[in-house]
Each structure stands twice: as C-alpha cells, then as structure tokens.
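The values are calculated or read from the model by the stated rules, or taken from the named source; none is laboratory data. Just so it is clear, the model here is predicted, and its values are computed rather than measured. Neighbour counts run over all protein chains shown; Cβ positions are idealised from the backbone, glycine included. Heads up: the accessible areas ignore ligands, DNA and RNA and are worked out on the full protein's heavy atoms, side chains in. Shrake-Rupley method; radii C 1.70, N 1.55, O 1.52, S 1.80 Å.
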Amino acid sequence: MRLRLATRNDVRLFTAVVVVAMVCGSVLLNYMVTPTRILRETLISSALIAGMLSAPVAYFVGSRMRDVHDLNRRLRHALSFDPLTGAHTRSNFHSRVARLPCGPMALIVVDIDHFKAINDRFGHQAGDTALQQFVAALMDNCRTGDIVARFGGEEFVILLPGTKTADGCIAANRLCKRVRERPIVVEGTPLQVTASFGVAGLGDPAGIERAIHAADRALYRAKAEGRNRVCLFDAAKDMGADPPEARS
C-alpha cells in the first residue's frame, strides 16, 4: 500500500496520526518499564515530550512526501501533455488509443497552413501563442472523449472514438470552419489562420499507424489542392503521391 499525501490537510492528518501513535507508544512503554511509584509522576510529562518531539518531525516528513507526490504528478503530466498547447503527447496518444475497444473510429490529421510565415513575421514566441490559440479552437469544438494530440511542430492528430468515417469528415469540416472563423491574435494583431485536414477511418486500435499514414496522405492532397479544406483518404488518389518533406 502506497501512502500518498496530496494536500496540506493530508500532511496535517499524517502528523496527527504519527503524534497520537508516538504518545500511545510512550504511554505503553512507560507502563512496561517504569515502576508504579514513578509512573504517576512521569506519565503525563513523558507523553507530552513524545508529542512535542514527534510533531515537527512528522510534519517535516509529511511535507516532503507531499512535495514528492507533487513532483511525480507534474512529471506524469509532462509525459502525457504537451507543455505548450495542453494537447496529448504522441506517446500518451498511442497509450490511450491502445486501451480503446474495437469499433468505428475516425482519425483526423491537422496541419496549420503557412505557419512558417507567422514565425518569420512575428517570431517564434508569437508562433507559440498562435499554436496555443489554434489548439484551444480545436479542443473547444471537440467532444470530451476525443483525443487531441500534438505530433510535432504545427501538426496535430485527433481521434474520434465511436465515430464513422463520414461523420469524421463532417467533424473535420466543422473544425476547419471554426478555425477559419476564429482569428488568432498575435501581438495585438488579429490574423486569419486556416488549416488543412486529412481524414481516415479505422475499426481496430491496432491499425492506428496505418490510419495515421492514410490521413496524412489525405492531408497532403488537401495541401496540394489549395489548403483550407478537408480531404478524405482515397487509395486511388493518395497512395501514388509522395508526402512533402516540409509542409507550410
């Protein structure tokens, strides 16, 4: 059993339990080793001393245990969520997908259009701000159970569990419209940002890599056809084309 102290109240409770245990132990020890004629005179004072000595030590230990718990929680969060955008990390995305049951799922790969131009014009810090606002727009228009993950740079992957491919296209078009209608404010300047979307379906979480590859091909076609649009993976159209070395 692992003892976890997550709050100050937990630390106080831990301290109280330790102090009570030490006082009870002191009283019991006195009963066992102290002669009866002396016991009455020393029982209260020894119990007080035990409590006074154990309280600060127990509180210090409890505080350090809470600090360790907080550090572990932050480390787990850092491994699971992108620190800049709050989206799931790639590793956490795959971990969550692996636990999903088989069934209809839609996968969307999203890439911001001309993101390099924002970095070149306003700098990387402004680019980070744009990424944060962009992801907020995605998350605000996704369901609680949908998984939004950052796969690198300005590319994101969204998995919609329990969603047929056709419905995934509808969702992607809704997201595309919301991004287009929601300007990103960079250094006080509102910028209209668009994104391109590739959609693919899958029924078994074990096929997630194939689905990502398929959606990525569809995304490439969306870029090639003018950006700011949604393309559904089509083997006849997408398997022959090579993905670009760098998107914009």
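Being acidic (D, E), closer than 30 Å to A98 by Cβ, touching a residue at least 24 places away in the same chain (Cβ under 8 Å) and surrounded by 14 or more Cβ atoms within 10 Å (Cβ to Cβ) is a description that does not apply to D204. Every listed requirement among (1) open to solvent by 30 Å² or more (accessible area, probe 1.4 Å); (2) closer than 25 Å to R121 by Cα is met by I170 save one, (2). One residue stands out among those in the range 174-188 that are in contact with a helix residue (DSSP H, G or I) (Cβ under 8 Å, 6 or more places away or on another chain) and over 21 Å from A224 (Cβ atoms): the one that is modelled with the highest pLDDT, which is R178.
Of the helices (runs of 4 or more DSSP H) entirely within the range 130-248, those holding at least 2 residues that are under 23 Å from S91 (Cβ atoms) and of a type in the set (A, V, I, L, M, F, W, C) occupy 208-224.
For (1) open to solvent by 30 Å² or more (accessible area, probe 1.4 Å); (2) under 23 Å from A206 (Cβ atoms); (3) over 14 Å from the mean Cα position of the chain (by Cα), each residue gets a yes or a no:
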residue: K116; (1), (2), (3): yes, no, yes
residue: A137; (1), (2), (3): no, no, yes
residue: D140; (1), (2), (3): yes, no, yes
residue: I147; (1), (2), (3): no, yes, no
residue: K164; (1), (2), (3): yes, yes, yes
